[in-house]
Every structure is written in structure tokens, then in C-alpha cells.
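Enquirer: Have a look at the structure that comes next, please.
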Amino acid sequence: MNTLKTAFLLTALTLLLLFIGQYFGGQNGLIMAFIIAGVMNFVSYFFSDKLALAMYRAQPVTREEAPRIYGIVERLTAKTGLPMPKIYVIPTDSPNAFATGRNPQHASVAVTQGILGLLNDDEMEGVLAHELGHVSNRDILISSVAATIAGAITFLARMGAWGAMFGGYGGRDDRDRGGGLAALFMLILAPIAAMLIQLAVSRSREYQADATGAHITGNPYALASALQKLDAYSRRVPMAASPSTAHLFIIQPLLGMNFGNLFSTHPPTAKRIERLTGRPAEFMQ
């Protein structure tokens, strides 16, 4: 299913770029858009994980530099039979974590500096088991590709904004087609399209990763406790995150704009805790 979703998103990006290229540039624009689409599809599939890691300045760490994380992940991968992922640390005090990569053989797990001092070993094990749950469930590819495509659509929106600001894309033909209006229209719709692409990354994947992580550790209460801490502390120390990659994290970073649950890529943390423990989050110790 995730493979089909990935193919759908890459096809949708190709068609969108071809439409924009033909609309604004005719035959030459169509050819240019086709080339750009090919490059974007290649980058999305093979390098979307590296782009996400680079965006947050994630640094690879060795076993000597992060023995605690390596020890936990090695125990979990031995238990699940998954390959050992690459480990990264993100230099921010906001506590969070994510997994990325195109398959279990090319997976990476990134944790922030802030999470290392916040969680105890059991809670950290729950978080890392959750991230390996994403790897095991093979939804890291669709998450990474969605991040790249959402970023590409946002970039197109900015191009539309510049086009509208400077009078369109070229003379009479552009005026005949309502170039300035089209660019403005694209500027309005593109962020919505980016959010909808992120929503293609179903909220149920977080529930599934929670359940998988709890099954791996045999300790759902540790993960529930970690989620409660992460939710509270990420509000106190917000993370500067891009909307196009917010869905990657175990707890959705605060993005400065509140659309309620409509455009959220994560279920409410309280509901995740309730599913893990079978009781309301407010009764967690």
C-alpha cells in the first residue's frame, strides 16, 4: 500500500509540473517541466531522507559518541531482525525524533539533543522502538517522499508569488491567460496542496508505529510516558520546523499557526496515550 501511495505522489508531482510548464511556457515549458519532474522524482526517491536530515542539520554519530542510543537500537534491531540504521543527532534543545529512508536497508533514525536529557532509558527505548516501527511498517519512504513533494509545491508557490509580484511570466500571452491571477491562485492553493499531500501520510501510521513499538518493548507505559513528556516539553521549547517535514517527527512540532486537527498529521497525543494504556492520558503518573 505504501509503495502505491509513493507511486501516486510521484505521478501527481509529475503531472502537476507538466501542467504548470505547459500553462506558463507552452511547448518549451512542457519540455523543461518534464526534465524537472524527472530530476525531482529521482531526488524524491533516492535523496529525500538526506534532504530531511540536512534540513535539521542532523549530524551522524558513532557508537563512541552516543553509546546509550546505539545500545538501545542494537538491542531492538536484534529483537526485530531489522538492519542497524544510521544514527543522527539534531542540535536543538526541543525534544523530538524521527526515522527516514527508502527501506529498512537504508534507514536512519535521528534524535534531538533535547530528548537525550529528558527521557529515561525505558522511555527512550519506547521512542526508538516507535521509530523502528515506522521502519518495520515500511512507511518511512512515503513520509520522506511526501516531505520532498510538499517542499517542491511550496517552492512552486513562491515562484508564483514572484511572478505575480513582477507582472507575470511574459507579455501578451501571459496577460491573455491571466498570468498574474493564475500565479496568485497558485500561491493560495499550493500551501493547501502541500498540507493535503502530508495528509496522504495517514494519521493511522502513528497509531501503528506506537503499537509496533509497544509490542517490540513489551512496555506500552514507557512509550506513553515518553509521549506525555515530549508533548509537554516541545510546547515549552518549540522546534523551528518546516510544515513540509513536520509529519516525520514522533511529536508534531509547533508550526506557529494553529489549524486545529484539520491539517494535523498526527493524532492528538492524549488519544495515542489512551490507545497505548487503555486509560485517559490525565491518569498517567
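Enquirer: Please work out which one of (1) under 16 Å from the mean Cα position of the chain (by Cα); (2) at pLDDT below 95; (3) closer than 18 Å to LEU227 by Cβ is the condition ALA110 fails and give its number.
Expert: (2) is the only condition that ALA110 fails.
Enquirer: Could I ask something else about it? So which residues in segment 193-211 are part of a helix (DSSP H, G or I) and either modelled with pLDDT under 90 or in the same structural domain as VAL145 (by TED's automatic domain parsing) (or both)?
Expert: Across segment 193-211, the qualifying residues are ALA193, ALA194, MET195, LEU196, ILE197, GLN198, LEU199, ALA200, SER204, ARG205.
Enquirer: I've got another one for you. Read through the list (1) outside any helix (DSSP H, G or I); (2) in contact with a Ser or Thr (Cβ under 7 Å, 6 or more places away or on another chain), then give the number of the only condition that LEU51 fails.
Expert: The failed condition is (1).
Enquirer: If I filter segment 220-242 for residues that are modelled with pLDDT of 85 or more, under 23 Å from MET55 (Cβ atoms), β-branched (Val, Ile, Thr) and in contact with a His (Cβ under 8 Å, 6 or more places away or on another chain), do I get at least one hit?
Expert: Scanning segment 220-242 turns up no residue that is modelled with pLDDT of 85 or more, under 23 Å from MET55 (Cβ atoms), β-branched (Val, Ile, Thr) and in contact with a His (Cβ under 8 Å, 6 or more places away or on another chain).
Yes or no, residue by residue, for (1) part of a strand (DSSP E or B); (2) surrounded by fewer than 12 Cβ atoms within 10 Å (Cβ to Cβ); (3) in contact (Cβ under 8 Å) with a residue 24 or more places away in the chain:
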position: ILE69; (1), (2), (3): no, no, yes
position: VAL73; (1), (2), (3): no, no, yes
position: TYR88; (1), (2), (3): yes, no, yes
position: PRO95; (1), (2), (3): no, no, yes
position: GLN105; (1), (2), (3): no, yes, no
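Enquirer: Determine, yes or no, whether ALA214 is at pLDDT 80 or above, in the same structural domain as ASP122 (by TED's automatic domain parsing) and surrounded by 18 or more Cβ atoms within 10 Å (Cβ to Cβ).
Expert: Answer is yes for this residue.
The values are calculated or read from the model by the stated rules, or taken from the named source; none is laboratory data. A quick note: this is a predicted structure, and the numbers were derived from the prediction, not measured. Backbone-built Cβ (ideal geometry, glycine too); neighbour counts: all protein chains shown.
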